[in-house]
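One structure is given here, and the rest of the page talks about it.
The values are calculated or read from the model by the stated rules, or taken from the named source; none is laboratory data. Nothing here was measured: the structure is a model prediction, and the numbers come from that model. When we count neighbours, we look across all protein chains shown, and the Cβ atoms used for this are built from the backbone with ideal geometry, even at glycine.
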């Protein structure tokens, strides 16, 4: 009986186990059905919502085009900023490299000199020590700054100078570079100066180079060095000998003739004056070029024309923001259309240049008269836009109608006795011809002098140009100011004298010359200048 089980009692646990085993399956089925129903609901919502444009916009083609242009302008602006930052970074790197090279050069020379002195001190050869002497010429006062090489090319542009311009500008630059030469002058074994020049003509197996008169100027006076030796370095690296043809120290211009049996490429200066009219809207981007001698290499820098007068005396000079070294003196200034619009001079912070139309008129005078002839009218002027604001404010309050012309800054003899023109008066015409700046006035006066002397030469072929028998009458249209009112008059100045060649100053930094002598004989010479 004990071993016999009740069939009903054994069936109840079995039913419970079946119920437990079946319950998870039912739960899973419910969850799966719930998920499927939810996902189906969501898919239905997405499908239904995709049928509608919840941000409906009525955008026409003009709006789309405008937005596209705005996007392009933003992208262009961003790219220009990136390029400017990259260019500035490269320029900074070049400056640092140049400073490090200069420092390393000076340190190496100082170390070599100290080592030589150490050997002499401990070598026991007192006689040899006493034979070495040094001389410093033009030694600056203490605190003048670091000594740098006098004719360093490192300050003249960078290798990437024109990479922000178009290929056309680079092509014009390379074409002009073929016509550029490096120049260096000597008197005996003593070097005078080195600079750049432009071949403007090749005729009868002779090339003619325009450059600065500093190449042949005496260091202490406005006179030509007696029989200078001139080396002319072509773009190919070949060296030729040059000879002085014409010199004018007023405009600091010089022509060197170069005998050569093979053809020399040339480039003439532009006669246009519109490039220097700052009242007109046109590009003022420019490129300056220079060429070093040994090794013969091209130097380039870019910048813009600046409506400001140079610190030099010459009234006809204009200024660009380009930075050059002293080797760039006499080199050409080119606009972005490939025109040669000036000849460069050196200043530490900017580059003064003589406008191309003045250069052309000087060459015409050289060809006809052998020298440049200009009237001594006794007026020192500057372009109207160069005047200070307080003076311009006074003129504006008086109802100034002119925006072009020159303002008188100084009246010299004999003008003070021959006219009533005063300091502060504005001159806008000469002999009825208008002009916009002092450079144009100078060009007009050169043309008038040329015509006067040609007429005189026809009447009196034997007359010497240095005589003062000729008289030139200049009629200036002058606007005077007084009592808050302005008045226009015509003032006449009779000129019977013509300006000497050396009226203007053309200063260059004085070199610090370090010479080494052995037994009283010069064995080494180095030129330096002080840093800015």
Which residues, counting only those in the stretch 162-182, are closer than 22 Å to residue 233 by Cβ and not in a helix (DSSP H, G or I)? 178, 179, 180, 181, 182
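Look at residue 531 and say whether it is farther than 30 Å from residue 95 by Cα and modelled with pLDDT under 70. Give the steps one after another, and end with the answer.
Working: farther than 30 Å from residue 95 by Cα: no; modelled with pLDDT under 70: yes.
Criteria not met by residue 531.
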Here the residues within the stretch 323-332 that are modelled with pLDDT of 90 or more and either in contact with a helix residue (DSSP H, G or I) (Cβ under 8 Å, 6 or more places away or on another chain) or surrounded by fewer than 24 Cβ atoms within 10 Å (Cβ to Cβ) (or both) are 329, 330, 332
Out of (1) modelled with pLDDT under 95; (2) under 25 Å from residue 375 (Cα atoms); (3) touching a helix residue (DSSP H, G or I) at 6+ places or on another chain (Cβ under 9 Å), what's the single condition that is false for residue 223? (3)
Answer yes or no: is there a residue in the stretch 109-121 that is modelled with pLDDT under 70 and either in contact with a strand residue (DSSP E or B) (Cβ under 8 Å, 6 or more places away or on another chain) or over 30 Å from residue 163 (Cβ atoms) (or both). yes
Test residue 308 against the criterion of being over 19 Å from residue 359 (Cβ atoms) and surrounded by 14 or more Cβ atoms within 10 Å (Cβ to Cβ), and give yes or no. yes
Among the residues of the stretch 155-193, write down those that are buried (at least 17 other Cβ atoms within 10 Å of the Cβ), within 30 Å of residue 514 (Cα to Cα) and at pLDDT below 90. 155, 156, 157, 158, 192, 193
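Condition check: surrounded by fewer than 10 Cβ atoms within 10 Å (Cβ to Cβ) and either in a helix (DSSP H, G or I) or at pLDDT 55 or above (or both). Does residue 65 satisfy that?
Criteria not met by residue 65.
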Among the residues of the stretch 214-265, which ones are exposed (fewer than 15 other Cβ atoms within 10 Å of the Cβ), at negative phi, in a loop (DSSP other than H, G, I, E, B) and touching a strand residue (DSSP E or B) at 6+ places or on another chain (Cβ under 8 Å)? 218, 219, 223, 226, 263
Where residues in the stretch 453-498 are buried (at least 18 other Cβ atoms within 10 Å of the Cβ) and outside any strand (DSSP E or B), which of them is modelled with the highest pLDDT? 453
